[in-house]
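Scroll down for the structure; my scribbles are underneath it.
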């Protein structure tokens, strides 16, 4: 057999090999998309609340007629919040289980995500089921319930933290979260208005800057965020005095108010608890501190709960940890905790932790070192920490830090 014929056969075999690999690659991609599509369409229930109370949920639209929104694009715009309230519900009722998201909001969220993300890479939100009933009565087991303000991270909507809210409500708290126009990704009001975040109001934009310019950017946003919390508490006091529905009249214990948040929401909780005496206890969930609290500290019970930062060694991360340590060192000795969840990811304190169930995605995230523990497990540890701390300082005597270490949660590491 002459050389040209051998070369032709070798080239043919190489071509067939490449063709086979291409076909297998295409089939693999198709199999991945089919798997993701099937998972997208699968019914999924969020983690069940651990407390003894059923959970109710009510939605409000609150307008501040006295204060202007400093982050709105049009001067003279009044502050307005889309408010979500989760609360202990009366047992024995048969109200409808609420949709995970109201249909108008769900449609806007899916539209804003785009086809690839909303149809393949995330859950069909109409197939997601929470554990809250719509506008049910408040439980009569207690005369009133302590209030906890919950702030989402960065520009995320508050519904992304429904698991944390439902768990606290089931433990006997009225949990109040809210979305603010122009700084939350998507806000849909009852009258049909849809307002999206402005790019310049994204906290991540501040992180792209350096030095004093970065702090000025962050502090401008932080001032609006803490102002939102103050306004929400003002309206809760009015709601407690006279709720038109009668649901919350006299049922809110405004002398026992806690505040917590994730990421930039955690920074807002930290700053608010420094400057407003209505905060009796607070929690920063993995949020880098900003504002005057770094120098001034906090004089009431406070917990700092971190994801796993053990592999970080950059100077910026070192400065953030130094600021947190400085704040912690000046907290009341009988009212402070500094914790890290080993293997936890910063972004999975939100609902994504409960919606990430794809074995393919989970294995990929573990291989890349992005995911250390299961997302639902991270939420489980987080809800335990929130309950334990707020029970100690909003329900209990709070004379000593609560015993937080538990063999049930070996991922928890106490930092000093």
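Each reported figure results from applying straightforward, stated rules to the coordinates on display, with no laboratory input. All values derive from a computational prediction rather than experimental measurement. So basically every Cβ, Gly included, is an ideal-geometry build from the backbone, and we count neighbours across all protein chains shown.
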Share of Cα-Cα pairs in the range 368-416 beyond 18 Å, whole percent, is 40 percent
What the 10 Å binned alpha carbon P(r) of the range 270-416 shows, as percent of pairs per bin from 0, is 11, 39, 35, 13, 2
Most exposed to least, judged by fewest other Cβ atoms within 10 Å, 393, 409, 182, 173 sort to 409, 182, 393, 173
Mean shadow area (nm²) of the C-alpha convex hull around the range 104-239 is 10.3 nm²
Extend 7 Å from the Cα of residue 196 along its Cα-to-C-beta direction; within the range 77-107, residues with backbone N under 17 Å of that point are 105-107
In cubic angstrom per residue, the convex hull of the range 205-357 built on its Cα atoms measures 147 Å³
Fewest to most Cβ atoms within 10 Å: 280, 78, 66 sort as 66, 78, 280
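Based on other C-beta atoms within 10 Å, arrange 111, 57, 197 from fewest to most. Please report the intermediate quantities before stating the final value.
Details: 111 12, 57 24, 197 21.
Listed from fewest to most nearby Cβ atoms, that is 111, 197, 57.
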The range 41-414, Kirkwood Rh and Cα Rg, ratio Rg/Rh at 0.93
